[in-house]
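The values are calculated or read from the model by the stated rules, or taken from the named source; none is laboratory data. Predicted, not measured: the structure shown is a model, and the values here were computed from it. Backbone-built Cβ (ideal geometry, glycine too); neighbour counts: all protein chains shown. Calculation scope for accessible area: heavy atoms of the full protein, side chains included, ligands and nucleic acids excluded. Shrake-Rupley method; radii C 1.70, N 1.55, O 1.52, S 1.80 Å.
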Amino acid sequence: MTAKTEYQQLCRHFRTISHFEHFSALGDWDQATMMPMGGSEARSEAMAELALHIHSLKTSPRLAEWLDSAEAKAAELSIEQQANLREMRWHYAQAIAVPGDLVQAKTLAGYRCENQWREQRQNNDWQGFRPNLEAVIALVREEAQARSAHTGKAGYDALLDRFEPGMTCERLETTLGAVRDWLPELIQKVKHKQLHQSYKSSAGDYPIADQKLLGREVMQYLGFDFNQGRLNVSSHPFCGGVPGDIRLTSRYTEDDFIAALTSTIHETGHARYEQALPKDWRGQPAGMSRSMGIHESQSLFFEMQLGGSRAFISKLYPRIRRHLDCPVSAHELVDNITRVKPGLIRVDADEVTYPAHILLRFEAEQAFIDGSLEVKDLPDFWDQKMQQYLGLSTAGNYKDGCMQDIHWTLGELGYFPSYTLGAMYAAQLRFAMEAELGPIEALLSQDKLGQICDWLDEKIWSKGCLLETDELIRSATGQSLDPNFLQRHLQQRYLD
């Protein structure tokens, strides 16, 4: 048999896996948007069973044989096929490290925790939420041990690898540590500067139906293809589905349209990436998104690099006025969007204080896995870190403190660092793009949003997983990840 024979068998097998993962993604979307709460237990059991089936496909003994045979004769394959084979091996290694019964148990506990969290968070019910989270964290610790034993990596490194292949806690400490060094002073400088600037709040009365219409129009302006996706409402905004069938959600409040608008722009960045992944590689590992850091870089590029610019808001302003009775000018709206004010909620945070929210969660995740933090002590830990980083207290306020995120309810420890990695990648991509095309402000003013998206498509979207993360960012920007670009971006926008 030739390498291509085994490789073709692998391709057929991974295409089957992708079909089941498609329906798993739809189950997630439906649970968050449409499912009646009475269906939560049945859905949890079904999703756990589906997760076990997908895991069995990913750990099939045939895969090891086909992978070994194809890799031994990989020179017979094209460069792109070799990249796909590399990614197949990575997915197999990720799956084989965890036993199926643990996958099923963690999935079941996660869905049960997440379903109850929605109501428990609204009611600030920490005592009701705590045992559910304890069950999830116990299983995540078991998973970390299993992955560590299989890979030889430290427990938290093994969890990180699921979301950021090749990333280590040591490298994150250096990268995020650089942010920890300059962030507090930057926050204070920006707050001091803005304190002496005039400011008119955009708060008002904004019907949710009108906000939804605005969101759809902005998504169309950003190039989202509604023939391959849709927008719904959920308690926590997300982008799910698969390329060709993208499901976005946002959330709305009647007194503030900015939160929903920026959330929709953020999720549209995720969606544009997914919709533009290489069609020739759909259903194959090489056709998937590169990492969650790269994924977040695209959503944050849309939300921050574009969404925080004056030219972009000027382009949106007529659309906003068409749907909403906005009491501020376009210039004043930019001031609202770029207002730096430490707050309790991560998803509502401005781009200057946002990394502080991630530092807190990164430290908590490490402590959960090394055993130095227990769930019962999380509220006090959270309050202490919020006071340290942002000068705010969450004592007794669990819903706006340690209960605010969906990620831990699902056992997704290791994901949070991707947000700040994404902000770093987004800033680095911005400066590389501007070196080739000119300032983003000028491009947007001249109605050249299409050129910006074409550049992202060429450098990131169309690559899928054909390149590994470091190689991808070097090919796009000329160098590896450098956190100084994020500092430079924030310095320019908020102080210079």
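Structure values in brief
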| read-out | value |
| --- | --- |
| Residue that is closer than 25 Å to L10 by Cα, assigned to a helix (DSSP H, G or I) and polar (S, T, N, Q), where the choices are Q94, Q116 | Q94 |
| Region 68-79 residues that are under 10 Å from Y7 (Cβ atoms), paired with ones that are hydroxyl-bearing (S, T, Y) (beta carbon under 8 Å, 6 or more apart) | A70/Y7; K73/T2; E76/T2; L77/Y7 |
| Members of region 463-496 that are assigned to a helix (DSSP H, G or I) and surrounded by 19 or more Cβ atoms within 10 Å (Cβ to Cβ) | K463, T469, L472, I473, A476, T477, F485, L486, H489, L490, Y494 |
| R230 vs. criteria basic (K, R) and in a helix (DSSP H, G or I) | no |
| Residue list for region 242-276, filter: closer than 20 Å to Y317 by Cβ and touching a strand residue (DSSP E or B) at 6+ places or on another chain (Cβ under 8 Å) | S250, Y252, A259, A260, S263, T264, T268 |
| Search result, residues across region 361-407 that are aliphatic (A, V, I, L, M) and free of Cβ contacts under 8 Å to residues at least 12 places away in the same chain | L373 |
| Residue within region 348-355 that is at pLDDT below 95, touching a Ser or Thr at 6+ places or on another chain (Cβ under 9 Å) and over 25 Å from V103 (Cα atoms) present | yes |
| Scope region 208-234; condition more than 24 Å from L333 (Cα to Cα), of a type in the set (G, A, S) and surrounded by fewer than 16 Cβ atoms within 10 Å (Cβ to Cβ); matching residues | none |
| For L195: the one exception among (1) modelled with pLDDT under 95; (2) within 24 Å of the chain's Cα centre (by Cα); (3) of a type outside the set (S, T, Y); (4) under 30 Å from L495 (Cβ atoms) | (2) |
| Qualifying residue in region 61-77 (condition: of a type outside the set (D, E, K, R), in a helix (DSSP H, G or I) and within 29 Å of the chain's Cα centre (by Cα)) | no |
| Selection from region 189-207 of residues that are farther than 13 Å from V334 by Cβ and either of a type outside the set (S, T, N, Q) or not in a loop (DSSP other than H, G, I, E, B) (or both) | K189, V190, K191, H192, K193, L195, H196, A203, G204, D205, Y206, P207 |
| Any pair with Cβ under 7 angstrom, 6 or more apart, that starts in region 156-171 at a residue that is over 15 Å from A144 (Cβ atoms) and ends at one that is crowded, with 18+ Cβ neighbours inside 10 Å and β-branched (V, I, T) | P165/T469; G166/T469 |
| Matching residues, region 1-48, being assigned to a helix (DSSP H, G or I), open to solvent by 60 Å² or more (accessible area, probe 1.4 Å) and within 16 Å of W117 (Cα to Cα) | D28, M37, G38, E41 |
| Residue in region 152-163 that is assigned to a helix (DSSP H, G or I), of a type in the set (S, T, Y) and open to solvent by 30 Å² or more (accessible area, probe 1.4 Å) present | no |
| Hey, S418 under 23 Å from R171 (Cα atoms) and crowded, with 22+ Cβ neighbours inside 10 Å or not | yes |
| Leading residue by the ranking (surrounded by the most Cβ atoms within 10 Å (Cβ to Cβ)) among those in region 320-339 that are touching a Leu at 6+ places or on another chain (Cβ under 9 Å) and either outside the structural domain of T253 (by the TED database) or closer than 22 Å to P237 by Cα (or both) | I320 |
